[in-house]
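Structure first, commentary second.
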Amino acid sequence: MPLACLTDFQAFARERLPKSTWDFIEGGADDSFTRDDNIAAFKRIRLRPRYLKNVVNVDTRTTIQGEEITAPICISPTGFHCLVWPDGEMSTARAAQAAGVCYITSTFATCALEDIAATAPRGLRWFQLYVHPDRQLSKQLVQRVESLGFRALVITVDVPKLGNRRHDIRNQLDLKLNLLLKDLHSPKERTSMPYFQMSPIDSSICWNDLSWLQSITRLPIILKGILTKEDAELAVKHNIHGIIVSNHGGRQLDDVLASIDALAEVVAAVKGKMEVYLDGGIRTGNDVLKALALGAKCVFLGRPILWGLAYKGEDGVKEVLNIIKNEFHTSMALTGCQSVAEINQDMIQFSRL
């Protein structure tokens, strides 16, 4: 029986993957309230369709950071793709290229960056960076991704410390014993010591350090993990190019706002001075439309990409992207939108339930 929606891929992946891998992918922080609320929050928003409009030629194309994509549906940074498919991030990159969307490659990729770039040379790729305590290592990595044709640098800001992920604790998950991250060895360390055996994330990084990042790259810098107007305003002050409104899929701090509930506040705070994107809880084409109606320029998919990868590698990711792109096309037609530019806040209302 063909898989018809993203949750079909979720069910397949749950059956196929080892329990510890599934729990690692699906798990949230603490009680997983925020993880689940990311999805539930979309159901509190209703659509207000307009009819008797010409929707013969619905156009889902848009741009992000000046680059055209076929639909405002791209791929979030998630690590360890080789856990779910042998070719890992290379399969994901090829699927993104075929779909004409952006793929944000994670610092914790399990394929070499050169291989990811070479396997999908025409693809639009951004790179997600966790700043390492050894700034020279971070600098070398940034310069490397720039030389490989990555088009933006995405700084994840919501991980000064890993969240309390109970499933991984119960499963005694120890990724450093199973995976070798090929891109992240210290310049002083040329052995096969996995990156996770070092201190991977600089918990001291703060707003004033962004000027250092800006000094070592010509790439636009995007901040991922912003949830408040105060931090959005600081992003504007520090000349950041974009924000991904995200709570890390509910994997970091539990009991924060669902991403979609934080979106409008951030959009209002930046006052059109940068693009704002959304990550978290997107499962249908209607969800994409709701996010754009609230001011997102584009949405990014995390877990559903891994479900597709677990299903059939590159072809599975293509199927996931095609399904949600087709759903979004239908959502646009049925609400009376011929182009992405026509989507606006008048198309939604919040339920009182």
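The values are calculated or read from the model by the stated rules, or taken from the named source; none is laboratory data. What you see is a predicted model; the values in this text were computed from it and never measured. Heads up, the Cβs are rebuilt from the backbone with ideal geometry, glycines too, and the neighbour counts pull from every protein chain shown. These accessible areas exclude ligands, DNA and RNA; they are computed on the full protein's heavy atoms, side chains included. Shrake-Rupley method; radii C 1.70, N 1.55, O 1.52, S 1.80 Å.
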In the stretch 4-42, what count of residues is obtained for those that are in contact with an Asp or Glu (Cβ under 9 Å, 6 or more places away or on another chain) and open to solvent by 50 Å² or more (accessible area, probe 1.4 Å)? 7
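Determine, yes or no, whether residue 314 is charged (D, E, K, R), open to solvent by 10 Å² or more (accessible area, probe 1.4 Å) and under 20 Å from residue 104 (Cα atoms). Working first, answer last.
Values: charged (D, E, K, R): yes; open to solvent by 10 Å² or more (accessible area, probe 1.4 Å): yes; under 20 Å from residue 104 (Cα atoms): yes.
Yes, satisfied.
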Those helices (runs of 4 or more DSSP H) completely within the stretch 5-107 that have 1 or more residues that are in contact with a strand residue (DSSP E or B) (Cβ under 7 Å, 6 or more places away or on another chain), under 27 Å from residue 168 (Cα atoms) and not acidic (Asp, Glu) are 88-99
Being modelled with pLDDT of 95 or more, under 17 Å from the mean Cα position of the chain (by Cα) and within 16 Å of residue 58 (Cα to Cα), is that true of even one residue in the stretch 331-342? no
For the stretch 202-238, give me each residue that is within 19 Å of residue 295 (Cβ to Cβ) and of a type in the set (Lys, Arg). 224, 229
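Kindly indicate whether residue 218 is modelled with pLDDT of 95 or more, over 22 Å from residue 25 (Cα atoms), assigned to a loop (DSSP other than H, G, I, E, B) and open to solvent by 70 Å² or more (accessible area, probe 1.4 Å). Before you say what the answer is, go through the steps one by one.
On the way: modelled with pLDDT of 95 or more: yes; over 22 Å from residue 25 (Cα atoms): yes; assigned to a loop (DSSP other than H, G, I, E, B): yes; open to solvent by 70 Å² or more (accessible area, probe 1.4 Å): yes.
Judged against the criteria, residue 218 is a match.
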Checking the conditions here, which among 336, 316 is farther than 30 Å from residue 54 by Cβ and of a type outside the set (Asp, Glu)? 316
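Condition check ((1) assigned to a helix (DSSP H, G or I); (2) touching a helix residue (DSSP H, G or I) at 6+ places or on another chain (Cβ under 7 Å); (3) at pLDDT 95 or above) across all residues:
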| position | (1), (2), (3) |
| --- | --- |
| 272 | no, no, yes |
| 278 | no, yes, yes |
| 281 | no, yes, yes |
| 304 | yes, yes, yes |
| 307 | yes, yes, yes |
| 318 | yes, yes, yes |
| 327 | yes, yes, yes |
| 349 | no, no, yes |
